[in-house]
Structure formats: structure tokens, C-alpha cells
Amino acid sequence: MLRALVIAAILAGVFLAIGGYAIYTSGYSDVSTLESLSRPSRVTVQARVAYLGYGSATVVYGGKTYILDSRGAYGILKTVDGTGDSYAFFIMEGEDGFRAAALYKLESFTSRYGGSPVFEDTVVVDGVYRPGEELTLITPVGEESLPVVTVNAILKGCHAAYEGEKAVVSQ
């Protein structure tokens, strides 16, 4: 009986080690793989971060109009009427040019990454993708419809500037 338990424990350890190694050495899926999904899915994807510049734009999402305050690699979305959720916003670009909007609840974003987050060129996000859910980004240059990833966490590519002050989210 004891021998069987020892063998079972050793096998369990081997399987855990193999699984851990597989996860450690595996790469993340490119954000462009979202195009192939046909049902809502929790995803972990890697992408380049598009540079938004600085200034304002308009975003329409979920039947609400938001003002986008662009801050370089990311921006802050707030509803025009001041009701509803506010979001940190950035655009992820895939290797083949596919683009998706990333929305991260602003309160969670600022509590985790502070007031001066530093985005690297590439990010890895964990989130939820729902095919057919889109937002429209309206800039002076034109309009662009983008699929949406609702972000749960940025796993790589965004670091807090810990010595910076907390984000100012109201004016």
C-alpha cells in the first residue's frame, strides 16, 4: 500500500513538472488568433501596443459615448455624461496587422499600475473576448471599428512607475 502511494506521488510530481515546463516554455498566442474564435472565450494573447499619441477622441461602446484622453501608449475612457464605467484603453496589434481594443476597468488599472504606467512595445493580456462585440474609435482622421478584449490583467509589458503619483482620473 505504501509503495503504491509513493509511486502515485512520484508520477503526480512528474506530470506536474511536465505540465509546468510546457507552460513555461510555451509562447503566447498572437492577438490575431482572436479572428478565428466564434464564441466568447477567456484568452491570453500577446500583441504590440499601438501608439495613440496625445489628445482627445471619441469612442462609442455598448451604446454609450466616451471621451478618450490619449496618453501615449494608452488612454482613459470616460462617458460623456459621467455615468457608467471608466476604462483604461489601448490598442493591440497582431503580427498580421489585426487590431483589437483592450478595455481595463480604470479603478483596477490604476490600483495595480499606478498613475504613470510604462508600457513596453509588447504586452501579454489575460481577458475575455466576445466575437461581435466592437467599439468605434472616432478621430479627426476617421472612424475605426475594433473588436474588444475586456482585460482582467496585464501579465507582461506594463509596469507601474511606483515613485510617480497616483493617476488623476477626474478634473
Using only alpha carbon pairs under 8 Å that are at least six residues apart, calculate the relative contact order of the range 28-160 and give it in whole percent.
27
Provide the net charge surrounding V148, with neighbours chosen by a C-beta distance below 12 Å and charges set as Lys +1, Arg +1, Asp -1, Glu -1.
0
Residue order for V43, V60 - accessible surface, 1.4 angstrom probe, largest first
V60, V43
Local electrostatic count at G63 - Lys and Arg +1, Asp and Glu -1, tallied over other residues with Cβ under 14 Å
-3
Per-residue accessible area, 1.4 Å probe, largest first, puts V80, V6 in the order V80, V6
Once you sort the root eigenvalues of the Cα gyration tensor of the range 28-160 as a ≥ b ≥ c, which label holds: rounded (a/c under 1.5), prolate (a/b larger than b/c) or oblate (the other case)?
rounded
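The values are calculated or read from the model by the stated rules, or taken from the named source; none is laboratory data. These numbers were taken from a predicted model, which means no experiment stands behind them. Cβ sites come from the backbone with ideal geometry, for glycine too, and all protein chains shown count toward neighbours. Only protein heavy atoms, including side chains, enter the accessible area calculation; ligands, DNA and RNA are left aside. Shrake-Rupley method; radii C 1.70, N 1.55, O 1.52, S 1.80 Å.
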